[in-house]
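Student: Below are the C-alpha coordinates for one structure; questions will follow.
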Amino acid sequence: MPKPTRTTGFFSALLLTATAGICTAQTATTPENIPFEKKWLKSGKSEMACFVLNGGRQIDIGTFAIDIQLNSEHLSIYTTLHLAGNNGQRIDTSIADARTFKPLYRSSFDKSKEVLLKYGKEVTGYYYEKQGAKRTKVKEPINESFLDSYCYPYLLGLLPLSSGYSVSMPVYDYRPENNQHISKAVVQEVKSNMYVSKLTGAHKVWQVSVFEEATNDKYIYYLDKETRRMWKVDIFSKGQQLLMVDKEIDFNPFKSTFDKVATLKLLNEGTAVITGQAFARDNENEGMLSGMAVLNVNKKQFAPAGVSIVLIPYTDFFKEWLKLNESSRKKGISIPLPQEVAECIKVTTVYDDKGHFEFVNLMPGDYLLYTEFGYKHTSKRTEVVGYTDTYINGLFQGTSTNTVSNSYNVNASASVKKVVSIDKAGEKVEVKLKKTL
(Lines give C-alpha, C1' and ligand atoms only; values in the text may rest on other atoms or scores of the structure.)
Protein backbone atom coordinates (compact mmCIF):
# COMPACT_ATOMS: atom_id res chain seq x y z
CA MET A 1 0.00 0.00 0.00
CA PRO A 2 1.31 3.47 -0.75
CA LYS A 3 2.76 5.66 1.96
CA PRO A 4 0.59 8.77 2.17
CA THR A 5 2.50 9.87 5.26
CA ARG A 6 5.55 10.51 3.12
CA THR A 7 3.93 12.64 0.47
CA THR A 8 1.49 15.04 2.06
CA GLY A 9 1.06 16.68 5.45
CA PHE A 10 -2.67 16.05 5.21
CA PHE A 11 -2.18 12.31 5.71
CA SER A 12 0.75 12.68 8.04
CA ALA A 13 -1.36 14.67 10.50
CA LEU A 14 -4.16 12.09 10.46
CA LEU A 15 -2.34 8.80 10.97
CA LEU A 16 -2.16 6.89 14.21
CA THR A 17 0.86 6.08 16.43
CA ALA A 18 2.93 3.09 15.51
CA THR A 19 4.00 0.79 18.29
CA ALA A 20 7.35 2.02 19.55
CA GLY A 21 10.25 -0.26 20.30
CA ILE A 22 9.03 -3.16 18.14
CA CYS A 23 11.62 -5.91 17.82
CA THR A 24 12.93 -6.29 14.29
CA ALA A 25 15.52 -8.99 14.78
CA GLN A 26 14.59 -11.12 11.77
CA THR A 27 17.40 -11.84 9.38
CA ALA A 28 17.14 -9.81 6.19
CA THR A 29 16.40 -11.83 3.08
CA THR A 30 17.47 -10.73 -0.36
CA PRO A 31 14.62 -10.52 -2.92
CA GLU A 32 16.20 -13.39 -4.88
CA ASN A 33 15.78 -15.69 -1.88
CA ILE A 34 12.23 -14.78 -0.99
CA PRO A 35 9.95 -17.65 -2.10
CA PHE A 36 7.33 -15.58 -3.91
CA GLU A 37 4.44 -17.64 -5.30
CA LYS A 38 3.74 -15.89 -8.59
CA LYS A 39 0.51 -17.80 -9.21
CA TRP A 40 -1.25 -15.25 -7.00
CA LEU A 41 -0.20 -12.27 -9.11
CA LYS A 42 -2.83 -11.06 -11.59
CA SER A 43 -3.69 -7.96 -13.58
CA GLY A 44 -6.73 -6.05 -12.42
CA LYS A 45 -8.30 -2.84 -11.18
CA SER A 46 -9.66 -2.07 -7.74
CA GLU A 47 -10.55 0.84 -5.49
CA MET A 48 -10.19 1.36 -1.77
CA ALA A 49 -12.09 3.82 0.37
CA CYS A 50 -9.81 5.82 2.69
CA PHE A 51 -10.79 6.88 6.19
CA VAL A 52 -9.21 8.48 9.22
CA LEU A 53 -10.32 7.10 12.58
CA ASN A 54 -10.99 9.91 15.01
CA GLY A 55 -12.76 9.42 18.33
CA GLY A 56 -14.38 6.22 17.13
CA ARG A 57 -15.65 7.85 13.93
CA GLN A 58 -14.59 7.05 10.38
CA ILE A 59 -13.92 10.26 8.44
CA ASP A 60 -13.94 9.83 4.67
CA ILE A 61 -10.79 11.35 3.17
CA GLY A 62 -10.72 9.95 -0.36
CA THR A 63 -10.58 7.03 -2.77
CA PHE A 64 -7.50 5.05 -3.77
CA ALA A 65 -7.66 3.60 -7.31
CA ILE A 66 -5.28 0.72 -8.14
CA ASP A 67 -4.43 -0.60 -11.60
CA ILE A 68 -2.06 -3.59 -11.75
CA GLN A 69 -0.79 -4.61 -15.19
CA LEU A 70 1.26 -7.76 -15.62
CA ASN A 71 2.95 -9.13 -18.74
CA SER A 72 5.93 -11.38 -19.41
CA GLU A 73 8.42 -8.55 -18.85
CA HIS A 74 6.96 -6.02 -16.42
CA LEU A 75 4.85 -5.68 -13.31
CA SER A 76 3.38 -2.17 -13.49
CA ILE A 77 1.44 -0.64 -10.62
CA TYR A 78 -0.47 2.59 -11.29
CA THR A 79 -2.40 4.28 -8.49
CA THR A 80 -4.36 7.48 -8.08
CA LEU A 81 -5.32 8.86 -4.70
CA HIS A 82 -8.36 11.14 -5.05
CA LEU A 83 -8.63 13.27 -1.92
CA ALA A 84 -12.02 14.35 -0.65
CA GLY A 85 -13.10 17.93 -1.26
CA ASN A 86 -10.75 20.03 -3.36
CA ASN A 87 -7.53 18.64 -1.94
CA GLY A 88 -6.33 17.35 -5.30
CA GLN A 89 -4.89 13.98 -6.16
CA ARG A 90 -1.66 12.02 -6.13
CA ILE A 91 -0.52 9.78 -9.00
CA ASP A 92 2.06 7.05 -8.41
CA THR A 93 3.75 4.57 -10.72
CA SER A 94 6.00 1.64 -9.86
CA ILE A 95 7.42 -0.67 -12.53
CA ALA A 96 9.42 -3.82 -11.73
CA ASP A 97 10.85 -6.78 -13.60
CA ALA A 98 8.09 -9.41 -13.80
CA ARG A 99 10.50 -12.27 -13.12
CA THR A 100 12.66 -10.94 -10.31
CA PHE A 101 10.61 -7.94 -9.06
CA LYS A 102 13.78 -5.88 -9.38
CA PRO A 103 12.65 -2.22 -9.55
CA LEU A 104 12.97 -0.39 -12.86
CA TYR A 105 11.02 2.86 -12.48
CA ARG A 106 9.26 4.90 -9.82
CA SER A 107 7.40 8.21 -9.95
CA SER A 108 5.04 10.21 -7.77
CA PHE A 109 3.24 13.47 -8.56
CA ASP A 110 0.98 15.60 -6.37
CA LYS A 111 0.46 19.28 -5.64
CA SER A 112 3.42 19.46 -3.25
CA LYS A 113 6.18 17.45 -4.93
CA GLU A 114 7.42 15.40 -7.86
CA VAL A 115 9.59 12.29 -7.67
CA LEU A 116 11.04 10.40 -10.64
CA LEU A 117 13.56 7.58 -10.26
CA LYS A 118 15.10 5.12 -12.71
CA TYR A 119 16.84 1.98 -11.48
CA GLY A 120 19.78 0.37 -13.28
CA LYS A 121 23.37 0.02 -12.18
CA GLU A 122 22.60 3.14 -10.19
CA VAL A 123 19.52 5.09 -9.10
CA THR A 124 19.07 8.29 -11.10
CA GLY A 125 16.38 10.93 -11.27
CA TYR A 126 15.17 13.87 -9.22
CA TYR A 127 13.12 14.91 -6.19
CA TYR A 128 11.36 18.25 -6.58
CA GLU A 129 9.61 20.12 -3.76
CA LYS A 130 7.27 22.68 -5.32
CA GLN A 131 7.14 24.89 -2.28
CA GLY A 132 10.44 26.71 -2.43
CA ALA A 133 11.17 25.21 -5.85
CA LYS A 134 13.84 22.96 -4.35
CA ARG A 135 15.11 20.33 -6.81
CA THR A 136 17.41 17.53 -5.66
CA LYS A 137 19.27 15.47 -8.22
CA VAL A 138 19.40 11.76 -7.47
CA LYS A 139 22.44 9.73 -8.51
CA GLU A 140 23.73 6.90 -6.35
CA PRO A 141 25.21 3.45 -6.98
CA ILE A 142 23.36 0.21 -6.31
CA ASN A 143 25.44 -2.16 -4.23
CA GLU A 144 22.75 -4.60 -3.10
CA SER A 145 19.42 -5.99 -4.28
CA PHE A 146 16.14 -4.60 -2.95
CA LEU A 147 12.44 -4.07 -3.69
CA ASP A 148 10.84 -0.71 -4.38
CA SER A 149 9.07 0.54 -1.25
CA TYR A 150 5.92 1.27 -3.23
CA CYS A 151 5.84 -2.13 -4.92
CA TYR A 152 6.45 -4.53 -2.02
CA PRO A 153 2.94 -4.27 -0.40
CA TYR A 154 1.46 -5.76 -3.57
CA LEU A 155 3.89 -8.68 -3.26
CA LEU A 156 2.82 -9.61 0.27
CA GLY A 157 0.08 -11.85 -1.09
CA LEU A 158 2.72 -13.79 -3.04
CA LEU A 159 4.52 -14.89 0.13
CA PRO A 160 4.03 -18.47 1.40
CA LEU A 161 1.73 -17.19 4.13
CA SER A 162 0.93 -19.41 7.09
CA SER A 163 0.32 -18.88 10.79
CA GLY A 164 3.56 -17.70 12.39
CA TYR A 165 5.32 -16.88 9.11
CA SER A 166 7.79 -13.96 9.12
CA VAL A 167 10.31 -12.43 6.76
CA SER A 168 12.43 -9.30 6.43
CA MET A 169 12.62 -7.57 3.04
CA PRO A 170 15.05 -4.82 1.97
CA VAL A 171 13.23 -1.90 0.33
CA TYR A 172 14.39 1.31 -1.31
CA ASP A 173 12.65 4.59 -0.48
CA TYR A 174 14.35 7.83 -1.51
CA ARG A 175 14.00 10.76 0.88
CA PRO A 176 16.38 13.72 0.42
CA GLU A 177 16.87 14.22 4.17
CA ASN A 178 18.24 10.67 4.62
CA ASN A 179 21.75 9.43 3.90
CA GLN A 180 20.63 5.78 3.73
CA HIS A 181 17.66 4.89 1.52
CA ILE A 182 17.54 1.12 1.98
CA SER A 183 15.79 -0.22 5.06
CA LYS A 184 13.74 -3.24 6.08
CA ALA A 185 10.05 -3.97 5.78
CA VAL A 186 9.48 -6.69 8.34
CA VAL A 187 6.59 -9.14 8.25
CA GLN A 188 6.35 -9.60 11.99
CA GLU A 189 3.24 -11.68 12.35
CA VAL A 190 0.85 -13.71 10.22
CA LYS A 191 -2.30 -15.22 11.68
CA SER A 192 -5.79 -16.30 10.63
CA ASN A 193 -8.74 -13.92 10.81
CA MET A 194 -12.09 -13.12 9.17
CA TYR A 195 -13.07 -10.12 7.07
CA VAL A 196 -16.79 -9.41 6.76
CA SER A 197 -17.88 -7.52 3.65
CA LYS A 198 -21.19 -5.65 3.55
CA LEU A 199 -21.61 -6.95 0.00
CA THR A 200 -20.18 -10.46 -0.10
CA GLY A 201 -20.23 -11.63 3.51
CA ALA A 202 -17.45 -13.33 5.45
CA HIS A 203 -14.02 -14.16 4.00
CA LYS A 204 -11.17 -16.11 5.58
CA VAL A 205 -8.04 -13.96 5.55
CA TRP A 206 -4.41 -13.86 6.54
CA GLN A 207 -3.81 -10.96 8.90
CA VAL A 208 -0.31 -9.79 7.98
CA SER A 209 1.44 -7.28 10.26
CA VAL A 210 4.30 -5.32 8.70
CA PHE A 211 6.71 -2.92 10.42
CA GLU A 212 8.71 -0.39 8.37
CA GLU A 213 12.00 0.51 9.97
CA ALA A 214 12.48 3.69 7.95
CA THR A 215 9.34 5.34 9.32
CA ASN A 216 8.40 3.32 12.44
CA ASP A 217 5.01 2.85 10.79
CA LYS A 218 2.96 -0.32 11.21
CA TYR A 219 0.63 -1.79 8.58
CA ILE A 220 -1.89 -4.60 9.02
CA TYR A 221 -3.05 -6.17 5.77
CA TYR A 222 -6.06 -8.46 5.49
CA LEU A 223 -5.38 -10.78 2.53
CA ASP A 224 -7.89 -13.35 1.28
CA LYS A 225 -6.67 -16.89 1.88
CA GLU A 226 -8.16 -18.16 -1.38
CA THR A 227 -7.31 -15.32 -3.76
CA ARG A 228 -4.83 -13.05 -1.87
CA ARG A 229 -7.19 -10.14 -2.50
CA MET A 230 -6.38 -7.15 -0.29
CA TRP A 231 -9.63 -6.50 1.60
CA LYS A 232 -8.46 -3.98 4.18
CA VAL A 233 -5.39 -2.18 5.48
CA ASP A 234 -4.92 -0.60 8.93
CA ILE A 235 -2.08 1.95 9.06
CA PHE A 236 -0.62 3.18 12.35
CA SER A 237 1.80 6.10 12.47
CA LYS A 238 2.70 8.94 14.78
CA GLY A 239 -0.40 8.89 16.95
CA GLN A 240 -3.08 8.45 14.29
CA GLN A 241 -4.75 5.65 12.32
CA LEU A 242 -5.75 5.40 8.66
CA LEU A 243 -8.13 2.75 7.34
CA MET A 244 -8.38 1.56 3.73
CA VAL A 245 -11.23 -0.74 2.67
CA ASP A 246 -11.87 -2.48 -0.67
CA LYS A 247 -14.87 -0.89 -2.41
CA GLU A 248 -15.48 -4.10 -4.38
CA ILE A 249 -16.13 -2.33 -7.68
CA ASP A 250 -16.15 -5.73 -9.40
CA PHE A 251 -19.15 -6.92 -7.37
CA ASN A 252 -21.98 -7.92 -9.73
CA PRO A 253 -24.72 -10.25 -8.41
CA PHE A 254 -27.07 -9.45 -11.30
CA LYS A 255 -28.18 -11.92 -13.97
CA SER A 256 -30.16 -9.35 -15.94
CA THR A 257 -28.31 -7.12 -18.37
CA PHE A 258 -28.63 -3.36 -18.16
CA ASP A 259 -29.09 -1.14 -21.20
CA LYS A 260 -28.24 2.41 -20.15
CA VAL A 261 -29.09 3.98 -23.53
CA ALA A 262 -32.57 2.40 -23.65
CA THR A 263 -33.26 3.22 -19.99
CA LEU A 264 -32.32 6.88 -20.37
CA LYS A 265 -34.54 7.00 -23.45
CA LEU A 266 -37.51 5.88 -21.32
CA LEU A 267 -36.88 8.76 -18.95
CA ASN A 268 -36.12 11.62 -21.31
CA GLU A 269 -37.45 11.07 -24.82
CA GLY A 270 -41.18 10.61 -24.30
CA THR A 271 -44.24 12.88 -24.11
CA ALA A 272 -46.11 11.29 -21.19
CA VAL A 273 -46.49 12.88 -17.75
CA ILE A 274 -46.95 11.49 -14.26
CA THR A 275 -48.52 13.89 -11.77
CA GLY A 276 -49.27 13.04 -8.21
CA GLN A 277 -49.81 13.87 -4.59
CA ALA A 278 -47.97 12.40 -1.60
CA PHE A 279 -49.64 12.30 1.81
CA ALA A 280 -50.24 10.23 4.94
CA ARG A 281 -53.50 9.53 6.76
CA ASP A 282 -53.41 7.69 10.04
CA ASN A 283 -55.75 6.11 12.54
CA GLU A 284 -55.82 7.17 16.18
CA ASN A 285 -56.98 3.81 17.48
CA GLU A 286 -54.49 1.18 18.56
CA GLY A 287 -54.62 -2.33 19.92
CA MET A 288 -58.03 -4.02 19.63
CA LEU A 289 -59.52 -0.92 17.98
CA SER A 290 -56.92 -0.62 15.24
CA GLY A 291 -59.20 -2.43 12.79
CA MET A 292 -61.63 0.49 12.95
CA ALA A 293 -59.25 2.67 10.90
CA VAL A 294 -61.82 3.33 8.20
CA LEU A 295 -64.12 4.85 10.83
CA ASN A 296 -61.43 6.91 12.50
CA VAL A 297 -59.05 8.33 9.91
CA ASN A 298 -57.36 11.67 10.52
CA LYS A 299 -57.07 14.36 7.88
CA LYS A 300 -54.38 14.23 5.21
CA GLN A 301 -50.86 15.23 6.14
CA PHE A 302 -49.12 16.22 2.92
CA ALA A 303 -45.47 15.63 2.15
CA PRO A 304 -43.75 19.00 2.68
CA ALA A 305 -42.39 21.02 -0.23
CA GLY A 306 -38.89 19.89 -1.13
CA VAL A 307 -39.41 16.22 -0.28
CA SER A 308 -37.81 13.97 -2.92
CA ILE A 309 -39.91 11.70 -5.12
CA VAL A 310 -37.91 8.98 -6.87
CA LEU A 311 -38.90 7.42 -10.20
CA ILE A 312 -37.23 4.16 -11.25
CA PRO A 313 -37.85 2.54 -14.65
CA TYR A 314 -39.41 -0.79 -13.62
CA THR A 315 -37.28 -2.87 -15.99
CA ASP A 316 -36.13 -6.46 -15.43
CA PHE A 317 -32.80 -5.19 -14.08
CA PHE A 318 -34.38 -2.92 -11.46
CA LYS A 319 -36.86 -5.64 -10.48
CA GLU A 320 -33.94 -8.00 -9.87
CA TRP A 321 -32.12 -5.35 -7.84
CA LEU A 322 -35.18 -4.78 -5.63
CA LYS A 323 -35.61 -8.53 -5.11
CA LEU A 324 -31.91 -8.99 -4.25
CA ASN A 325 -32.05 -6.16 -1.73
CA GLU A 326 -35.16 -7.54 -0.09
CA SER A 327 -33.43 -10.89 0.36
CA SER A 328 -30.06 -9.41 1.38
CA ARG A 329 -31.51 -7.10 4.04
CA LYS A 330 -32.40 -10.17 6.07
CA LYS A 331 -28.65 -10.86 6.24
CA GLY A 332 -27.79 -7.24 6.99
CA ILE A 333 -26.32 -6.72 3.50
CA SER A 334 -27.24 -3.93 1.08
CA ILE A 335 -26.78 -4.34 -2.69
CA PRO A 336 -25.64 -1.02 -4.20
CA LEU A 337 -26.51 -0.04 -7.74
CA PRO A 338 -23.66 0.20 -10.25
CA GLN A 339 -22.84 3.82 -11.08
CA GLU A 340 -24.26 3.72 -14.61
CA VAL A 341 -27.52 2.26 -13.27
CA ALA A 342 -27.82 4.87 -10.53
CA GLU A 343 -27.55 7.54 -13.23
CA CYS A 344 -30.84 6.26 -14.69
CA ILE A 345 -32.98 7.12 -11.68
CA LYS A 346 -35.07 10.26 -11.97
CA VAL A 347 -35.76 12.47 -8.96
CA THR A 348 -38.17 15.37 -8.53
CA THR A 349 -39.42 17.21 -5.45
CA VAL A 350 -42.78 18.18 -3.99
CA TYR A 351 -43.37 21.74 -5.21
CA ASP A 352 -46.17 23.04 -2.92
CA ASP A 353 -47.74 22.56 0.51
CA LYS A 354 -50.28 20.04 -0.81
CA GLY A 355 -47.76 17.31 -1.65
CA HIS A 356 -47.92 17.74 -5.44
CA PHE A 357 -45.18 16.55 -7.79
CA GLU A 358 -44.74 15.66 -11.46
CA PHE A 359 -42.47 13.85 -13.90
CA VAL A 360 -42.34 14.75 -17.60
CA ASN A 361 -40.83 13.48 -20.88
CA LEU A 362 -41.60 9.83 -20.10
CA MET A 363 -42.11 7.03 -22.62
CA PRO A 364 -44.70 4.23 -22.25
CA GLY A 365 -43.61 1.64 -19.69
CA ASP A 366 -43.78 0.68 -16.04
CA TYR A 367 -42.26 2.91 -13.36
CA LEU A 368 -41.74 2.53 -9.62
CA LEU A 369 -42.42 5.65 -7.56
CA TYR A 370 -40.94 5.94 -4.10
CA THR A 371 -40.90 8.58 -1.39
CA GLU A 372 -40.29 8.92 2.31
CA PHE A 373 -41.34 11.81 4.55
CA GLY A 374 -42.17 12.60 8.16
CA TYR A 375 -45.59 13.29 9.65
CA LYS A 376 -47.30 13.43 13.07
CA HIS A 377 -49.05 10.27 14.21
CA THR A 378 -51.89 10.81 16.69
CA SER A 379 -52.25 7.86 19.02
CA LYS A 380 -55.32 7.38 21.25
CA ARG A 381 -54.89 5.02 24.15
CA THR A 382 -57.42 3.94 26.75
CA GLU A 383 -56.00 3.29 30.19
CA VAL A 384 -57.61 1.65 33.23
CA VAL A 385 -57.41 4.03 36.20
CA GLY A 386 -59.49 2.07 38.72
CA TYR A 387 -62.38 -0.25 39.44
CA THR A 388 -65.89 0.26 40.90
CA ASP A 389 -67.75 -2.48 42.81
CA THR A 390 -71.56 -2.36 42.59
CA TYR A 391 -73.84 -3.52 45.45
CA ILE A 392 -77.67 -3.63 45.53
CA ASN A 393 -79.37 -4.21 48.85
CA GLY A 394 -76.04 -5.19 50.26
CA LEU A 395 -75.44 -7.84 47.66
CA PHE A 396 -72.38 -7.68 45.35
CA GLN A 397 -73.46 -7.29 41.71
CA GLY A 398 -70.11 -6.99 39.94
CA THR A 399 -67.07 -4.83 39.19
CA SER A 400 -66.70 -2.26 36.40
CA THR A 401 -63.47 -0.68 35.16
CA ASN A 402 -62.87 3.04 35.19
CA THR A 403 -61.00 4.20 32.03
CA VAL A 404 -59.51 7.40 30.65
CA SER A 405 -58.73 8.02 26.96
CA ASN A 406 -55.65 10.07 26.15
CA SER A 407 -54.27 11.26 22.80
CA TYR A 408 -50.54 11.49 22.02
CA ASN A 409 -48.74 13.09 19.09
CA VAL A 410 -45.55 11.33 17.99
CA ASN A 411 -43.25 11.76 15.00
CA ALA A 412 -43.62 9.06 12.38
CA SER A 413 -42.18 8.30 8.96
CA ALA A 414 -44.18 7.43 5.84
CA SER A 415 -42.45 5.21 3.28
CA VAL A 416 -44.51 4.71 0.13
CA LYS A 417 -43.90 2.67 -3.05
CA LYS A 418 -46.20 2.36 -6.05
CA VAL A 419 -45.84 0.91 -9.54
CA VAL A 420 -47.36 3.13 -12.25
CA SER A 421 -47.95 2.17 -15.89
CA ILE A 422 -47.93 4.48 -18.90
CA ASP A 423 -49.75 2.79 -21.78
CA LYS A 424 -49.40 5.26 -24.62
CA ALA A 425 -47.44 8.29 -25.76
CA GLY A 426 -48.67 11.62 -24.46
CA GLU A 427 -50.69 10.03 -21.65
CA LYS A 428 -51.11 11.95 -18.39
CA VAL A 429 -51.29 9.64 -15.39
CA GLU A 430 -52.42 10.89 -11.97
CA VAL A 431 -51.34 8.98 -8.86
CA LYS A 432 -51.65 9.26 -5.12
CA LEU A 433 -48.70 8.19 -3.00
CA LYS A 434 -50.42 7.67 0.29
CA LYS A 435 -49.83 5.87 3.52
CA THR A 436 -52.88 4.99 5.58
CA LEU A 437 -52.61 3.14 8.86
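The values are calculated or read from the model by the stated rules, or taken from the named source; none is laboratory data. Keep in mind that what you see is a predicted model, and the values were worked out from it rather than measured. When we count neighbours, we look across all protein chains shown, and the Cβ atoms used for this are built from the backbone with ideal geometry, even at glycine. When the accessible area is computed, the model is the full protein with side chains, heavy atoms only, and any ligands, DNA or RNA have been set aside. Shrake-Rupley method; radii C 1.70, N 1.55, O 1.52, S 1.80 Å.
Student: Could you count how many residues in region 416-432 are closer than 13 Å to residue 367 by Cα, among the hydrophobic types (A, V, I, L, M, F, W, C) and not in a strand (DSSP E or B)?
Tutor: 0
Student: Under 34 Å from the mean Cα position of the chain (by Cα) and β-branched (Val, Ile, Thr): does that describe residue 100?
Tutor: So residue 100 fails the test.
Student: On to the next question. Being touching a Leu at 6+ places or on another chain (Cβ under 8 Å), acidic (Asp, Glu) and at pLDDT 95 or above is true for just one of 67, 92. Which residue is that?
Tutor: Criteria check complete, one pass: 92.
Student: Can you find even one residue in region 143-162 that is over 30 Å from residue 192 (Cα atoms), without any contact (Cβ under 8 Å) to a residue 12 or more places away in the chain and either open to solvent by 70 Å² or more (accessible area, probe 1.4 Å) or of a type in the set (A, V, I, L, M, F, W, C) (or both)?
Tutor: Scanning region 143-162, I find at least one residue that is over 30 Å from residue 192 (Cα atoms), without any contact (Cβ under 8 Å) to a residue 12 or more places away in the chain and either open to solvent by 70 Å² or more (accessible area, probe 1.4 Å) or of a type in the set (A, V, I, L, M, F, W, C) (or both), so the answer is yes.
Student: Take region 177-207 and flag every residue that is of a type in the set (A, V, I, L, M, F, W, C) and either buried (at least 17 other Cβ atoms within 10 Å of the Cβ) or modelled with pLDDT under 95 (or both).
Tutor: 182, 185, 186, 187, 190, 196, 199, 202, 205, 206
Student: Filter region 103-132 down to the residues that are closer than 18 Å to residue 182 by Cβ and open to solvent by 40 Å² or more (accessible area, probe 1.4 Å) and list them by number.
Tutor: Once the filter is applied, which keeps residues that are closer than 18 Å to residue 182 by Cβ and open to solvent by 40 Å² or more (accessible area, probe 1.4 Å), region 103-132 yields 104, 105, 118, 121, 122, 124.
Student: Does residue 57 satisfy the condition of being over 23 Å from residue 169 (Cα atoms), in contact with a strand residue (DSSP E or B) (Cβ under 8 Å, 6 or more places away or on another chain), open to solvent by 60 Å² or more (accessible area, probe 1.4 Å) and basic (Lys, Arg)?
Tutor: no
Student: Evaluate the following for residue 11: is it at pLDDT below 95, surrounded by 14 or more Cβ atoms within 10 Å (Cβ to Cβ), within 19 Å of the chain's Cα centre (by Cα) and among the aromatic types (Phe, Trp, Tyr)?
Tutor: For residue 11, the condition - at pLDDT below 95, surrounded by 14 or more Cβ atoms within 10 Å (Cβ to Cβ), within 19 Å of the chain's Cα centre (by Cα) and among the aromatic types (Phe, Trp, Tyr) - is not met.
Student: A further question follows. Taking into account only those residues within region 208-225 that are hydrophobic (A, V, I, L, M, F, W, C) and surrounded by 19 or more Cβ atoms within 10 Å (Cβ to Cβ), which is farthest from residue 194 (Cα to Cα)?
Tutor: Applying the filter and picking the extreme gives 214.
Residue-by-condition table, conditions (1) crowded, with 16+ Cβ neighbours inside 10 Å; (2) touching a Gly at 6+ places or on another chain (Cβ under 6 Å):
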site	(1), (2)
230	yes, no
241	yes, no
253	no, no
278	yes, yes
